[in-house]
Structures are given as C-alpha cells and as structure tokens.
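The values are calculated or read from the model by the stated rules, or taken from the named source; none is laboratory data. Only a predicted model underlies this, so the values are computations on that prediction, with no experimental measurement involved. Every residue, glycine among them, receives a Cβ derived from its backbone with ideal geometry; neighbour counts consider all protein chains shown.
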Amino acid sequence: MKALKNIFSRSTSLWLSLELILVTVICWWTFAPVLENLYLWYLPYGYDADRIVRMEVASTLNRTERMNRQEEICAEEEMLLRKVQEIEDTEVAFRTVYTAPGFDSQLLHCKIGDSTWIRFPTIYFQRESPLFKAYGIESLTLEVPTDELTNDCEEDKTIILSRTFAMAAFGTTDVAGRTIQLYYVIQNEFKEYRIRAVVEDVRQGGMYSDNTIGYVCSTQGQTLTNRPIIVRLREGVSVEQFREKCEHELLRTLMTEHCYIRKIETVREQNSFKMGRSNGRLMGRNMLIAAFFATNLAFGVFGTLLMYMRQRREEAGVRRAFGATRWNIFWDFICEAWLLTTFSVVVGCIIYFQYQSSGDFYEKGIYDNPVVHHWYESIETHFPIVSLCVYLYILVIVLLGTVIPAWRICRSEITESLREE
C-alpha cells in the first residue's frame with residue numbers, strides 16, 4: 001500500500017492509472033468474443049482428422065440424365081468405390097448416405113422431459129456401413145463392439161447416440177435397447193427409434209460445440225447419385241501425399257464411364273469453410289475490432305509511458321547522486337509499473353464485472369445440451385480467464401513501454417540526468 005501511495009502521489013501516475021482502467025474495460029469488451037470463437041475453432045475433433053478425406057464424386061451427365069439412369073450411375077459409383085478401396089494408401093473407404101461427421105449433417109430436435117429441447121446434428125448411415133470403424137469412434141456399449149455397431153440395425157428405426165446425447169436424455173450411457181423420440185420439423189411429426197448403442201463423443205464441423213450427435217440408420221439418400229466417398233488413410237500416410245498422388249497418378253484411373261472424382265478435401269478444410277460460412281463474418285468482425293483496439297491502445301499506453309518516464313529522469317539522476325545503483329533504479333521502475341498495472345486492471349475488471357454479471361451472458365440457449373459446459377458459459381470460469389488474458393496483455397504492453405525508456409535513463413550519466421532539473 002505504501003508503494004501504491006508513493007506512485008499515486010504523482011499526478012502523471014494517476015492519469016496513467018485512469019487510462020489503464022479504461023484500456024482494461026475496452027480490452028474486456030473486445031477480447032471476450034474473440035477468445036470464445038478461437039476456443040470453438042480449435043476444439044478437438046475426437047478422431048484423427050488428418051487421416052480422413054472426402055472425395056467428391058461427380059458425373060459427366062446432367063441432372064435429368066442422372067435421374068433417368070439412376071441405377072446405372074449408382075452401380076458405376078460402387079465400382080468407383082472399389083477402385084478407391086484398392087488404393088494402397090486406403091485403410092477404409094465407404095460411400096456416405098450424404099452426411100458424415102465433420103462434413104455434413106441435418107439438424108433434428110429431441111424433447112427431454114416435459115419442457116427441455118435439444119437440437120443436434122444427425123448423421124445418417126447405411127446398415128453394415130464401416131462409418132464408425134473409418135472414424136475410429138469407440139463404442140461405449142460393451143455388448144456391441146465398434147466393428148459391429150452398424151450390424152443388426154433396422155433402417156429408419158435404429159439410432160446410435162453420442163455420450164453427451166445419452167447423458168442429456170437419460171443421465172446414463174447404459175441405454176442400449178431403450179427408445180427415444182425425435183422431432184422432424186418439416187414433417188411436423190415425432191418418430192420413435194430404438195437405441196442400438198452409445199459411442200464416444202466426436203466433434204461435428206462448424207460451430208457445433210457440444211458433441212451431441214445422433215447416428216440414424218436410414219434409407220435416406222441410398223438411391224441418390226454423386227454420393228461422396230469417405231476415406232481413412234493408412235497410418236503414416238499424410239493427406240498432402242495422398243492428394244498429390246491422386247492428382248498426378250490416380251485421378252486418371254479413378255473414373256468410370258460417367259463418374260469421376262472431382263475434389264479431395266480434408267475435415268479441417270471443410271470445417272474451416274463451414275466456420276467461415278456460418279460464423280466467419282462475426283468472427284472476422286470481432287477479431288478486426290480486437291486488433292484495431294489492441295493496436296491503438298498499445299500506442300496510446302506507449303505514448304503515456306514515455307512521457308511518464310521522461311518526467312522521472314531527474315529523479316533517477318538524484319538517486320544515483322546519492323549512491324543508488326543503476327540496477328536498483330531500473331528494477332524500482334519495473335516494480336512500480338507492475339503494481340500500477342495490477343491495481344488498474346483489477347479496478348477495470350471490477351467495473352466491467354458489474355455490467356457483465358447484470359446481463360444474461362451465461363444463460364444457455366433453448367436448444368443447448370444441458371449436460372455440456374464450456375468455460376465461457378459460467379461466470380466462475382469465464383470472468384477469471386478473460387480477465388487473466390486482459391491482464392497479461394496490458395502487463396506486457398506496460399512493461400515494454402517501461403523497460404526501454406527506464407534502461408536508457410539508467411544508462412545515462414548523472415550530469416545529463418540532472419541537467420534538465
């Protein structure tokens with residue numbers, strides 16, 4: 001407290017503190033949404049995304065011709081799939097119904113209890129499909145191994161739940177054999193499904209953050225053409241190597257009379273595209289605002305610190321004349337800057353806390369999974385984490401703005417420091 005009293009005895013220190021308090025409030029307002037978006041962007045997938053690629057299948061026929069020759073085109077696509085499976089670098093390959101983890105999904109609704117709803121991405125699969133083997137999604141139901149998850153499934157009657165889905169709906173993962181109702185908005189009807197098993201969480205692409213996925217065995221899309229092929233590469237094979245090999249050697253052979261591979265993309269590439277399409281503008285705007293304020297605030301603080309340190313030049317000269325060493329003076333400047341920054345950031349965070357805690361920032365949305373909790377959804381974790389990031393940013397700026405002029409002052413001769421007095 002004595003050190004703070006000595007600091008605030010100078011009017012320049014008081015103005016610097018007020019500026020840092022304002023900077024803290026502005027940084028809190030700009031940094032919070034950026035940290036949340038970055039967290040969602042880098043959430044782990046739950047599987048080895050670097051080994052999963054999606055081959056987009058195209059046809060030389062127009063849409064009308066494909067519809068008229070549907071069986072023939074589907075047979076050609078099956079032939080194309082077998083060619084992909086025969087590639088040396090391929091471990092598992094299958095044709096999707098038209099949805100797959102990390103690439104595509106359909107949103108359905110499930111009612112939990114009397115009033116709670118959750119909205120979740122739905123992945124459709126065919127009976128005896130190697131979907132879970134390809135992605136390495138582990139079964140949590142002991143009597144149903146991962147390799148047998150899609151066996152004994154009834155089409156349009158069987159569902160496999162992710163861990164968070166099962167916990168939200170039943171409070172346990174031991175739900176195999178029970179039933180659950182899903183709501184289809186377009187048809188405005190409920191459909192009942194038997195739960196085959198529960199599997200470990202994986203992340204769906206885009207901004208879905210709660211890993212609530214329902215895998216539905218369905219006939220949907222089975223007669224569609226141009227269905228993509230999902231490929232799991234062998235261990236040690238990089239996506240870049242596989243793509244280069246396909247582009248230079250294999251694409252000429254990966255074709256039939258009317259079908260060919262048009263594009264090869266990774267889960268990460270598709271996720272980046274979906275993130276940009278669904279939340280890219282908002283995220284880009286938030287990051288642009290944060291960068292603008294961070295840069296301008298840094299220059300403002302630097303300017304104030306340079307004036308502040310210049311006014312203390314003669315003080316350093318007097319102290320050295322009375323026997324103080326250069327290092328003692330230098331570290332005193334650093335300690336004062338640290339104390340001033342800590343005090344100002346704490347006050348600024350307290351001020352912003354009054355506004356933050358008065359709103360409904362931490363209330364879950366109507367369709368959010370009630371059993372999933374992220375750090376930004378609770379004031380007990382959100383506030384201290386963002387405050388720490390703000391504190392570290394401002395502390396670095398202040399220390400950089402203090403170290404450079406303080407070192408120059410301490411290195412100058414005593415007579416040069418006292419000349420301005």
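Scan the range 121-148 and report the pairs whose first residue is free of Cβ contacts under 8 Å to residues at least 60 places away in the same chain and whose second residue is of a type in the set (Ser, Thr, Tyr) and assigned to a loop (DSSP other than H, G, I, E, B), with Cβ atoms within less than 6 Å and a gap of 6+ or a chain change.
Glu128/Thr150; Ser129/Thr150
On the basis of being modelled with pLDDT of 90 or more, surrounded by 13 or more Cβ atoms within 10 Å (Cβ to Cβ) and either aromatic (Phe, Trp, Tyr) or within 30 Å of Ala168 (Cα to Cα) (or both), does Ile385 make the cut?
Yes.
Tell me, which strands (runs of 3 or more DSSP E) wholly within the range 111-216 include 3 or more residues that are crowded, with 19+ Cβ neighbours inside 10 Å? I'd like the intermediate steps shown before the answer.
On the way: elements: 116-125, 158-162, 179-184, 189-199.
Answer list for the range 111-216: 116-125, 158-162, 189-199.
Restrict the check to the range 33-49 and report whether at least one residue is at pLDDT 85 or above, over 18 Å from Arg243 (Cα atoms) and in contact with a Cys (Cβ under 6 Å, 6 or more places away or on another chain).
For the range 33-49, residues at pLDDT 85 or above, over 18 Å from Arg243 (Cα atoms) and in contact with a Cys (Cβ under 6 Å, 6 or more places away or on another chain): absent.
Kindly establish whether Asp201 is on the phi > 0 side of the Ramachandran plot, in contact (Cβ under 8 Å) with a residue 40 or more places away in the chain and touching a Ser or Thr at 6+ places or on another chain (Cβ under 8 Å).
no
Identify the residue in the range 171-185 that is at pLDDT below 90 and among the hydrophobic types (A, V, I, L, M, F, W, C) and, among all such residues, is nearest to Thr122 (Cα to Cα).
For the range 171-185, the residue satisfying everything is Leu182.
Could you identify the single residue in Arg69, Arg10 that is at pLDDT 85 or above and surrounded by fewer than 20 Cβ atoms within 10 Å (Cβ to Cβ)?
Unique residue meeting the criteria: Arg69.
Looking at Ala100, Ala93 in this structure, which one is among the small types (Gly, Ala, Ser), in contact with a Leu (Cβ under 8 Å, 6 or more places away or on another chain), under 19 Å from Gly214 (Cβ atoms) and in the same structural domain as Ser129 (by TED's automatic domain parsing)? Can you show your working first?
On the way: Ala93 fails: under 19 Å from Gly214 (Cβ atoms).
The match here is Ala100.
Look at Pro130 and say whether it is at pLDDT below 90 and either among the polar types (S, T, N, Q) or assigned by TED's automatic domain parsing to the domain that holds Thr173 (or both).
Working: at pLDDT below 90: no; either among the polar types (S, T, N, Q) or assigned by TED's automatic domain parsing to the domain that holds Thr173 (or both): yes.
No: the conditions fail for Pro130.
Would you tally the residues in the range 107-125 being closer than 12 Å to Ile180 by Cβ and either in contact with a strand residue (DSSP E or B) (Cβ under 6 Å, 6 or more places away or on another chain) or among the basic types (Lys, Arg) (or both)?
Within the range 107-125, the subset closer than 12 Å to Ile180 by Cβ is 108-112, 118, 120.
Next, from what is left, pick out any that are either in contact with a strand residue (DSSP E or B) (Cβ under 6 Å, 6 or more places away or on another chain) or among the basic types (Lys, Arg) (or both): 108-111, 118, 120.
Matching residues across the range 107-125 total 6.
Would you mind finding the one in Ser115, Ser105 that is among the hydroxyl-bearing types (Ser, Thr, Tyr) and over 24 Å from Glu78 (Cα atoms)? Walk me through how you get there before you give the answer.
Details: Ser105 fails: over 24 Å from Glu78 (Cα atoms).
Only one candidate qualifies: Ser115.
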